[in-house]
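Values in this text are rule-based calculations from the coordinates and carry no lab data. The structure presented is a predicted model; accordingly, all values stated were derived computationally and were not measured. Neighbour counts run over all protein chains shown; Cβ positions are idealised from the backbone, glycine included.
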Amino acid sequence: MNVMEIKNIKEEARRLIDKLPENLTWDDLMYEIYVRQAIEAGLTDSEAGRVVSVEEVRAKFGLQP
């Protein structure tokens, strides 16, 4: 992770915190950070072509189409 990425993360964290209510808990904050991180990881995987179709997932778990 380079310095620019770290700065961007810090800026994004500040924006996220500023959007949250004043009475949030540490658990609320951690949840928001986790959700943001999970979404970004999913978008990165998608952009890199690391995806699985719905049909493949249904077949793997024996679900009806």
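Average the reciprocal distances over every distinct pair of alpha-carbons in the chain, invert the result, and give the Kirkwood radius in Å. Mind showing how you got there, number by number?
Numbers: mean 1/r = 0.0682 Å⁻¹.
This gives a value of 14.7 Å.
Using each residue's phi in the stretch 47-54, evaluate 6.51 cos²θ - 1.76 cosθ + 1.60 at θ = phi - 60° and report the 3J(HN,Hα) Karplus result to the nearest Hz, with x for Gly and Pro.
Those phi angles translate into 5, 8, x, 8, 10, 10, 6, 4 Hz.
Mark the label point 7 Å from the Cα of ARG14 along Cα→Cβ and return the residues of the stretch 25-60 whose backbone N is within less than 19 Å of it.
33
Which residue fluctuates most in the GNM of the chain (Cα springs below 10 Å): ALA48, ALA38, ALA13?
Top of the fluctuation ranking is ALA48.
Provide ARG15, ARG36 in ascending order of the number of other Cβ atoms located within 10 Å of each residue's Cβ, fewest first. Numbers along the way, then the final one.
Details: ARG15 9, ARG36 13.
Least crowded to most crowded, the residues run ARG15, ARG36.
About its Cα centre, how strong a charge dipole does the chain have in debye, to the nearest 20, once Lys and Arg get +1 and Asp and Glu get -1 at the Cβ?
With Lys and Arg at +1 and Asp and Glu at -1, about 120 debye.
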